[in-house]
Structures are given as C-alpha cells and as structure tokens.
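Student: Please read through the structure below; I'll follow up with questions.
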Amino acid sequence: MFIPFLATPEPSRSARGLDRRKGGGGGGKGGGGSSGSGSKGGGSTGGGSSGSGSKSGGSTGGGGGGTSSTSPKSIPITGRTPTGRGSASTYGGGGGKITTIPAGAAFAGRTVGGGTRAQVFGNSVYGSGYPGVVSRGVSGRGFPFFFWPVVWGGAAGGAAGAYLHATNEYGDCSNSSRPGGSMTQATFTSNSTGTTFYLLADNSTVAALITTIDANCTLSPLSSTAPTSHSCSDPNALQPEQAIQYYRASSVVLALSGYNNSAAYSSDENAPASALPSGIDMTLLNCLNQTIGVSVPLVNGAGPAWAGSGMGALGLFWMMWLLLGTVL
C-alpha cells in the first residue's frame, strides 16, 4: 500500500525503472584526499572527505541528469538465508514458489517465499507489508520475502506497545544471523528544507537502497553514502513512533526526524496515524517512497535450501499496521 498522500508510481515502472531525479550542477570540484569510509567530499573550494556514512560539501544544483540504470542487480545476502538457486536483486520481481521451512531450520514450519514486487508496500503500522494480512500483530508469521522484520528495542508503550518489541523472536538489532546481516540505517536529507528521513533494514538492503536512492533522488550532501550501525539499546536511536512507512513484510522502514505518531502506542488498533509535520520536503518523500518500492532487494523466484537452525523461534508479538488515515 502506498502512502496515501504520495503519488502512486505507474504500474509498469517497476519493470522499466524510474526516471532520474538527481539535480545536476552543484559546488565546484573539491581538492584534497580522502579518509574514513562512506563519505563524499565536495564544496566550492577544497576539502576531500572524512567520517563515515555521509556526504559533505556544497549543495546540489538544479537541472536534470541522465537516466539511472534500473536493470536488476544481484546483491550479496549474509546471515541466515536461503542458499542455492535463490538470490536477491534490486528491481527484481521476487515471487517464486511458497515453501515450508523444514524441521531443524530456524522458524521450522513457517512458510517462506511468494512475495512479489507489487506486494512490497505496507503502511505506517509495524507488521504491515505482509501480502493478504490486514490485522495488527505478526507473531509466528511466515516470510513472504525471506527477510526478517525489523525489531525495535526497549519497552516503550507499555502493554499497548508490546507488539513493537520483537527481540525475543528475532534477536536484537546486532543479530548477524538476520538475512542480510545485522540491522543498519541510512540518513537522507533534503537539500532544500533540511527534512531528514531515515532508512532502517538489514545491512545488505540498506547498502543497496543507498545506491538506488542516490541515483534517483536529489539529496543534500549530508546524506549517507554507506550504512551506519544501529543499536536497539541506544536511547537516541530511531523509535517506532517515527516510522512513516514499512515495506517488504516490515523488514524495511522509512522514518522521519521529528515525527511522533501516537497511534504506534495506542491500544486501539484502528487509531489513525498522526499527521506529518508541515513544511517537510514532500518531493523527496515521494521519491524515496517510489524508489524503495521499485528497487528494494527481493529474493528471486527459486527453490531455496535453508541453513540449519541456530536460533530458536521464541514467541514474539508481531504486528500489523494501522492505515495512515488522515495524515495531512
């Protein structure tokens, strides 16, 4: 399901790709060397690059570029993942036969596979993005896209927010058994309003989406160029009330700095999501939403072979998400 206030991409776009949205121009060429990782230098005079996971330098100019490549690109998936013929790719169609995870493997007895590109969109509710599921709560669910849902640490929200805390079933954010590796995040900042969005998912997915988003959306040089670590126990980490959109069976989430969705902690599963703040960069939000939708890595349709169990499925509160309702 698309965010209601965003434009819906054309159905054929997942096959033919997005038109490039990056602006041309920008600051002059910076000199100097580079150090650290995941950071771009720039600016009108000198510089180079340092730090991690962000761009630095002058602003992006206007104008259009060429067309970004939208051919499916295979990406590596680390962690506990189906092996053999299956592989994940950006812009791929997903799908494949639905199978049951065999005895002796993690989450034995649950189904896996079958999720397609057309089914990746959820809404603002944790647990959304599962094909055919419309209620809150995800405990014991299958894996239509192979990937595990993101987890939120802490115990905020009391009993009403218990469904948000899935670490008993999937481990915490640093669990490297997670398909795609431990959870990491990326930051995408508007070059016009300063609006800051966050992407949270497994490491392989975040790395792949940084590339596709950078190729299609106009961003501030402060935006991430590499995944950064995410800690569930950090009190300053992203919180579930900041989430504005889930994708791919809640294994990917887009969040907004400064957003506080009280519905995330409501005991009423039908509570509408809080309105988004005024003055945010809706053009960037629309671009992020569309680009994630058409390029989030999916495991290609193939018969998977499952790795053996090393982590028991302990019983968690999975959730399904509330519709965005009235947001603007």
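Student: Please work out if THR167 is touching a residue at least 40 places away in the same chain (Cβ under 8 Å) and either crowded, with 21+ Cβ neighbours inside 10 Å or touching a His at 6+ places or on another chain (Cβ under 8 Å) (or both).
Tutor: no
Student: Sticking with this structure for a sec: In the stretch 79-117, which residue that is charged (D, E, K, R) and surrounded by 18 or more Cβ atoms within 10 Å (Cβ to Cβ) is modelled with the highest pLDDT?
Tutor: If we take residues in the stretch 79-117 being charged (D, E, K, R) and surrounded by 18 or more Cβ atoms within 10 Å (Cβ to Cβ), then ARG117 is modelled with the highest pLDDT.
Student: Ok, one more. In the stretch 125-151, how many residues are under 14 Å from the mean Cα position of the chain (by Cα) and among the charged types (D, E, K, R)?
Tutor: 0
Student: Under the condition of being within 19 Å of the chain's Cα centre (by Cα) and either part of a strand (DSSP E or B) or acidic (Asp, Glu) (or both), which residue from the stretch 100-124 is farthest from GLY137 (Cα to Cα)?
Tutor: THR116
Student: Hey, another quick one. Which of the strands (runs of 3 or more DSSP E) found entirely inside the stretch 139-250 contain at least 3 residues meeting this: within 20 Å of THR78 (Cβ to Cβ)?
Tutor: Where strands (runs of 3 or more DSSP E) fall fully within the stretch 139-250 and carry at least 3 residues being within 20 Å of THR78 (Cβ to Cβ), they are 183-189, 196-202.
Student: Another question, if that's okay. So, of the residues in the stretch 118-177 that are within 18 Å of ALA105 (Cα to Cα) and in contact with a Phe, Trp or Tyr (Cβ under 6 Å, 6 or more places away or on another chain), which turns out to be modelled with the lowest pLDDT?
Tutor: SER139
Student: When residues of the stretch 124-142 are filtered for being of a type outside the set (Val, Ile, Thr), under 23 Å from VAL294 (Cβ atoms) and surrounded by fewer than 24 Cβ atoms within 10 Å (Cβ to Cβ), how many remain?
Tutor: Selection size over the stretch 124-142: 2.
Student: Does PRO277 satisfy the condition of being under 19 Å from THR189 (Cα atoms) and either without any contact (Cβ under 8 Å) to a residue 24 or more places away in the chain or part of a loop (DSSP other than H, G, I, E, B) (or both)?
Tutor: Yes, satisfied.
Student: Can I ask one more? Return the pairs, sorted by first residue and then second, in which the second residue is buried (at least 22 other Cβ atoms within 10 Å of the Cβ), the first residue lies in the stretch 175-196 and is of a type in the set (Lys, Arg), the beta carbons are less than 6 Å apart, and the residues are 6+ apart or on different chains.
Tutor: What qualifies is ARG178/TRP148; ARG178/ASP202.
Student: Moving to a separate point now. When the residues of the stretch 280-300 are filtered to those that are not aliphatic (A, V, I, L, M) and not in a helix (DSSP H, G or I), which remaining residue is nearest to ALA255 (Cα to Cα)?
Tutor: ASP281
Student: Among the listed residues THR205, THR228, identify the single one that is buried (at least 23 other Cβ atoms within 10 Å of the Cβ), in contact with a Gly (Cβ under 6 Å, 6 or more places away or on another chain) and of a type outside the set (Lys, Arg).
Tutor: On inspection, the qualifying residue turns out to be THR205.
Student: Would you be able to tell me the number of residues in the stretch 245-273 that are over 11 Å from the mean Cα position of the chain (by Cα), buried (at least 18 other Cβ atoms within 10 Å of the Cβ) and closer than 15 Å to GLY122 by Cβ?
Tutor: The number of residues fulfilling the criteria is 4.
Student: Right, here's the next one. Residue check: is LEU219 buried (at least 21 other Cβ atoms within 10 Å of the Cβ), in contact (Cβ under 8 Å) with a residue 60 or more places away in the chain and either among the polar types (S, T, N, Q) or touching a Lys or Arg at 6+ places or on another chain (Cβ under 9 Å) (or both)?
Tutor: Yes, satisfied.
The values are calculated or read from the model by the stated rules, or taken from the named source; none is laboratory data. Quick caveat, the model's predicted, so the values are computed rather than measured. Cβ atoms come from the backbone with ideal geometry, glycine included; neighbour counts cover every protein chain shown.
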